[in-house]
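*Asks:* Please find one structure pasted underneath; my questions will follow.
The values are calculated or read from the model by the stated rules, or taken from the named source; none is laboratory data. From a predicted model like this one, the values you see are computed outputs, not experimental measurements. Please note: Cβ atoms are built from the backbone with ideal geometry, for glycine as well, and neighbour counts cover all protein chains shown.
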């Protein structure tokens, strides 16, 4: 494996791991704002219970997203130093705007969101929660602006190999940004909705905390039902507006090497070297229908139109897109079914549907990861499309150095992922009952007051396995009551 | 002009980061010296409310360098690849273990992970800073150094110094924010850490002369500024020692160590900056040669520069929201009242 491959694998691993968490927390922060707003307006305890429970899911995910995001920023110089030096005048300022308008806003208000409950006025609490979600949305905005510029660069000139901005409006509002931004925003809202709906469905299946679970699932599936049709429209427009600039990506997505196929390739094992598909399953005419031609005459362009040196890897691009597309179809079907059940007043009695929704918990996240694989793999072999090749942008490090970091990140991220999933499972098992403000905390949930008092001998804390320990509330939170 | 202004901005980010995450990482190191689980927990919780904001300064530092001095960003990071990677590993473990331990207490293993990661991150940062004294090899705008080419025993010295200084800052912050036995032990250990950091710093200042980037004190202006700043640093360090030794409970006794150490840290970095200006990496990567184009400088000075006061305001808000002595357990944090800074600050 070459230095370039190692650095690309490292980027793929770190960026996909990172993206998993914003896919949960951006939407969840907005969900928290909505729920706290409802509590503030109505004063109903169930909304406070929802806020407290979902905040637990949010808190750790947010922290992992922050630290894993910092890694990406530094990788732009560590592993992609030439890219960093040449695109810095354009990408640097955009990420800089993200840091000052989003990261610091989040950091400033997250403390109140996490630990201010019960200590500050409800208005302040609500305001802080809204500020955190504003931060997460702004963050996505700048990131999409930067990445879109790499897809469809505009408003720049190249001086001695370096990209210099000539028109900042065109740099930021580049051709693909305009559609990719709402597409991404809808995506994170939908993925968080499915995440919330899935976890809520588990309580319905178990017959626990019904009031909490119904209300959570109702809001989540309601948002998803509103957004799914919008998202299909936006996704179609992303393709329509970005791909004229990136025909090679479109060709790789479609999965054909030669021109003339009017069908839709559903399954394929492409052989990049031989420029053919080893195996393929094709639905006749569907490709033409998707291109809005019902006469079955519009053929999909093949990747052979692009010179071999400029072709993206078809397998990654094709399958990234298929995962996103199939997940979208599944989510659309789910929200459709949920809406029908709701209208027929059967949403809370349809046990099999609850079980099904439980299984769809990660589908939105998978769709987002698939979408990013399509966007990034489909842009290859360019790092800035048509302008700078990925192979020219990589830092000339010793392969051993990068091997060390790839192995380290992989191991570390695997542990973090397991720890996060274990944490979520444990949080689910303990359940939202402890967050019900109408109930006294059960005895094992009492705060460990000994911590506060100096000189009071403490019971030794037994060593415990990480992290599957059923443990009570954070002491800070209990203190807040 | 724009280059100078942006250099100042980068410097502000560096100083903010070193001071803020310095105390934060130092508290992490301090947990390793603490036997009492309640105290360890207390230390960890005092970091939980602020680490995110403190670490954001590191990202801003990196990005400010990237935007304004792209060649420096693309060169320094590969130059210091391994220590930077170790730092990132440590920061990941740290961030996650803080939240895990504070969302689902007690979590002794996460607390230990937090301490070890803090120690590693501090040392790796100091080590990476040390590599700034080794010569870099560039071909055009492409870094061409080897894996260990930037490493020297000076990097180890630098790593130890930074770790000791962060630890001292951590103890100063702990003395400021705690009471009782923890306050007393923080004062004792803080004094030791301060003294160790001072001795190591003297060693650094002597040793830096034999690196590829010796101090440049050629002009009287530089020499005077350097000397004055070092005097400030010595004064700050001395004040901190006095403050640590001051056992009686008073506002001054709790503030002096932190204040003195902040002054000392800032002065040392400024002094080193004066003696290096405008070299970023020896032999010839300078602020001027690494600077971005005018159109970028204007954008960042307006866009990011104008946001800086707001950023500082968020930082003040976040720190004042949890002002006062920090307690865990039944009493909770010092509860900010609705008339307090928290209520006011939430309506910008």
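*Asks:* Looking at A:178, A:188, which is the one that is out of contact with any strand residue (DSSP E or B) (no Cβ under 7 Å at 6 or more places or on another chain) and over 25 Å from residue A:357 (Cα atoms)?
*Replies:* Numbers: A:188 fails: over 25 Å from residue A:357 (Cα atoms).
Unique residue meeting the criteria: A:178.
*Asks:* Take residue A:237 and tell me if it is part of a loop (DSSP other than H, G, I, E, B) and surrounded by fewer than 18 Cβ atoms within 10 Å (Cβ to Cβ).
*Replies:* Numbers: part of a loop (DSSP other than H, G, I, E, B): no; surrounded by fewer than 18 Cβ atoms within 10 Å (Cβ to Cβ): yes.
Spelling it out, it is not the case that residue A:237 is part of a loop (DSSP other than H, G, I, E, B) and surrounded by fewer than 18 Cβ atoms within 10 Å (Cβ to Cβ).
*Asks:* Just to check your reading of the model, which residue among A:332, A:353, A:336, A:385 is assigned by TED's automatic domain parsing to the domain that holds residue A:11, farther than 21 Å from residue A:25 by Cα and under 22 Å from the mean Cα position of the chain (by Cα)? Reasoning before the result, please.
*Replies:* Values: A:353 fails: under 22 Å from the mean Cα position of the chain (by Cα); A:336 fails: under 22 Å from the mean Cα position of the chain (by Cα); A:385 fails: under 22 Å from the mean Cα position of the chain (by Cα).
Being assigned by TED's automatic domain parsing to the domain that holds residue A:11, farther than 21 Å from residue A:25 by Cα and under 22 Å from the mean Cα position of the chain (by Cα) holds for just one of A:332, A:353, A:336, A:385, which is A:332.
*Asks:* So which residues in the stretch A:282-306 are out of contact with any strand residue (DSSP E or B) (no Cβ under 8 Å at 6 or more places or on another chain), under 16 Å from residue A:318 (Cα atoms) and in a helix (DSSP H, G or I)?
*Replies:* Within the stretch A:282-306, A:303, A:304 qualify.
*Asks:* Any residue that is part of a helix (DSSP H, G or I), closer than 26 Å to residue A:420 by Cα and at the interface with chain B (Cβ under 10 Å from one of its Cβ atoms) - is there at least one of those in the stretch A:75-91?
*Replies:* Pass one, the stretch A:75-91, residues part of a helix (DSSP H, G or I): A:75-78, A:81-91.
Adding the requirement that they be closer than 26 Å to residue A:420 by Cα leaves A:75.
Remaining after also requiring at the interface with chain B (Cβ under 10 Å from one of its Cβ atoms): A:75.
Yes, that holds for at least one residue.
*Asks:* Among the candidates B:193, B:187, B:234, B:240, single out the residue that is under 17 Å from residue B:166 (Cα atoms) and out of contact with any helix residue (DSSP H, G or I) (no Cβ under 7 Å at 6 or more places or on another chain).
*Replies:* Working: B:193 fails: out of contact with any helix residue (DSSP H, G or I) (no Cβ under 7 Å at 6 or more places or on another chain); B:187 fails: out of contact with any helix residue (DSSP H, G or I) (no Cβ under 7 Å at 6 or more places or on another chain); B:240 fails: out of contact with any helix residue (DSSP H, G or I) (no Cβ under 7 Å at 6 or more places or on another chain).
Going through B:193, B:187, B:234, B:240 in turn, just one is under 17 Å from residue B:166 (Cα atoms) and out of contact with any helix residue (DSSP H, G or I) (no Cβ under 7 Å at 6 or more places or on another chain): B:234.
*Asks:* Taking into account only those residues within the stretch A:153-180 that are crowded, with 20+ Cβ neighbours inside 10 Å and in a loop (DSSP other than H, G, I, E, B), which is farthest from the other protein chains (Cβ to nearest Cβ)?
*Replies:* If we take residues in the stretch A:153-180 being crowded, with 20+ Cβ neighbours inside 10 Å and in a loop (DSSP other than H, G, I, E, B), then A:176 is farthest from the other protein chains (Cβ to nearest Cβ).
*Asks:* Here is a list of conditions, (1) modelled with pLDDT of 90 or more; (2) under 23 Å from residue A:20 (Cα atoms); (3) surrounded by 24 or more Cβ atoms within 10 Å (Cβ to Cβ), and residue A:52 meets all of them except one; can you say which number that is?
*Replies:* Condition (3) is where residue A:52 drops out.
*Asks:* Still on this structure, I have one more. Restrict the check to the stretch A:355-373 and report whether at least one residue is at pLDDT below 90 and either surrounded by 15 or more Cβ atoms within 10 Å (Cβ to Cβ) or out of contact with any helix residue (DSSP H, G or I) (no Cβ under 6 Å at 6 or more places or on another chain) (or both). Break it down stepwise before answering.
*Replies:* Filtering the stretch A:355-373 down to residues at pLDDT below 90 leaves none.
The answer is no, given that none of the residues of the stretch A:355-373 is at pLDDT below 90 and either surrounded by 15 or more Cβ atoms within 10 Å (Cβ to Cβ) or out of contact with any helix residue (DSSP H, G or I) (no Cβ under 6 Å at 6 or more places or on another chain) (or both).
*Asks:* A further question follows. From the list A:100, A:112, A:120, pick out the single residue that is facing chain B (nearest Cβ under 7 Å), assigned to a helix (DSSP H, G or I) and modelled with pLDDT under 90.
*Replies:* On the way: A:100 fails: modelled with pLDDT under 90; A:120 fails: assigned to a helix (DSSP H, G or I).
Just one listed residue meets the conditions, A:112.
*Asks:* Take residue B:261 and tell me if it is in a helix (DSSP H, G or I), touching a helix residue (DSSP H, G or I) at 6+ places or on another chain (Cβ under 7 Å), at pLDDT 85 or above and surrounded by 17 or more Cβ atoms within 10 Å (Cβ to Cβ).
*Replies:* On the way: in a helix (DSSP H, G or I): yes; touching a helix residue (DSSP H, G or I) at 6+ places or on another chain (Cβ under 7 Å): yes; at pLDDT 85 or above: yes; surrounded by 17 or more Cβ atoms within 10 Å (Cβ to Cβ): yes.
Against the criterion (in a helix (DSSP H, G or I), touching a helix residue (DSSP H, G or I) at 6+ places or on another chain (Cβ under 7 Å), at pLDDT 85 or above and surrounded by 17 or more Cβ atoms within 10 Å (Cβ to Cβ)), residue B:261 qualifies.
*Asks:* Can you tell me which residues in the stretch B:276-295 are closer than 30 Å to residue B:150 by Cα, within 11 Å of chain A (Cβ to nearest Cβ) and in a helix (DSSP H, G or I)?
*Replies:* B:290
*Asks:* Conditions first: (1) closer than 22 Å to residue B:17 by Cβ; (2) surrounded by fewer than 20 Cβ atoms within 10 Å (Cβ to Cβ). Residue B:201 passes all but one, so which condition is the exception?
*Replies:* (2)
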